[in-house]
1. As I understand it, the dipole of the range 7-209 uses +1 on the Cβ of Lys and Arg and -1 on the Cβ of Asp and Glu, about the Cα centre. Which of Leu79, Ile63, Ser26 lies farthest toward its positive end?
2. What is the magnitude of the charge dipole of the range 7-209 about its Cα centre, with +1 placed on the Cβ of each Lys and Arg, -1 on the Cβ of each Asp and Glu, and no other charges, expressed in debye to the nearest 20?
3. Anything in the chain that counts as a DSSP H helix reaching 27 Å or more along its axis (C-alpha) with Kyte-Doolittle mean of at least -0.5? List them, would you?
4. Which one, Gly312, Val99, Leu51, projects farthest toward the positive side of the charge dipole computed for the chain from Cβ point charges (K/R +1, D/E -1)?
5. To check you understand DSSP bridge types, tell me what percent of the beta bridges within the chain (both residues inside) are antiparallel, rounded to 5.
6. Please list the radius of gyration and Dmax for the range 228-314, considering alpha-carbon atoms only, with Å as the unit.
7. Check the range 7-209 and count each lysine pair with an alpha-carbon distance under 21 angstrom, considering only pairs eight or more places apart or from different chains.
8. For the range 1-93, restrict the atom set to alpha-carbon positions and state the Rg and Dmax in Å.
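Every number in this text was worked out from the coordinates using simple rules, so none of it is lab data. What you see is a predicted model, and the numbers here were worked out from it, not measured in a lab. A quick note on method: Cβ atoms are made from the backbone with ideal geometry, for glycine too, and the neighbour counts reach across all protein chains shown.
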Amino acid sequence: MSDMPLFTIFTPTYNRAHTLHRVFDSLRTQTLRDFEWLVIDDGSTDNTRELVAGWAASADFPIRYFRQDHAGKHIAHNLAVNEARGQFFTVLDSDDGCVPNTLERLAHHWDAIPAPKRASFCGVGGLAVDQRGEIVGDDFPSTPFDANMRERAYVYRIRGEKCVAMLTNVMRQFPFPEIRGTNFIPEGTVWLAMGKTHKIRWVNEVFRIYYSGDEDADGSTLSGRRNLHKNAPGRLHYYAWVLDNDLEYFFHSPAPFLKAALMLPIVVWLSRESLWEALTSLHSRPARLLVSLALPLAFVIYAGNKARRSRGVSR
């Protein structure tokens, strides 16, 4: 294998030594062998380092391991993109698997894009199934289906887990913002920004195995994305970005923008930031109006949540 493989498979992990074998086992069975596995350990306290070192010593494909202080998936993602040697960059989470011909078929579908049109594309992707073999989320309207992430989200409203291989050099143009005080920034921050300039070719083929309902009992995850109080600064950045950049899609799909307008004041208060500064930092006048209209309901929700938390602490 050359020093520049076709694929870099990136796996972020945090205390997931008990599930990480799924990624390794599925990579061992890949029919296309031109890839490397890049593992970014987000400060695990289990035996992840030793486990990966053992695999690296015996595997017939390159495995590279990096460790960072616990900072979140978005920081690990930025490190991985910078370190990636592959032409394509694919994420398999630490409890994921993939079917044996995933990389072969992703490469096939990229090559099927006519060469004169390829410059407008940033990747290819397909479907995921759960551990029972059932499709997760929505199928695409056709195969192939060429659309950017904004169209997919707002116009066609295609939901659910997917698998995608992106051009690494394009990914490097869209790093996650590294915001202090949070371990989580919604991935839409990157994918929707990329959707302004690049399309993805989607196909109705299964590439990824997504193990649903597989959270640790103690809630330990890489990002802590479910803890709104801890990840409020990251969500604040995301909701403000969506309202400032994608509001043209409001009449295609109003729900994401109504949610963003409602949640923005809540995460501002949770972040202990200035609501006035958050409002005035929005470049879009319609966005400021939408948030202002949502303020009364946002305050009721925030106050109710605060009261419930106070009762929980007092017990």
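1. Farthest towards the positive pole: Leu79.
2. Values: 24 positive and 25 negative charges, 130 e Å.
My answer is approximately 620 debye.
3. Values: long enough: 285-314 (42 Å, 0.34).
The qualifying helices are 285-314.
4. Gly312
5. Details: 14 of 37 bridges.
Percent antiparallel among DSSP bridges in the chain is about 40.
6. Here Rg and the maximum Cα pair distance are 13.2, 45 Å.
7. Working: Lys73/Lys162; Lys117/Lys196; Lys117/Lys199; Lys162/Lys196; Lys162/Lys199.
Lysine pairs meeting the criterion: 5.
8. Considering the range 1-93 through its Cα atoms, Rg and Dmax are 12.3, 35 Å.
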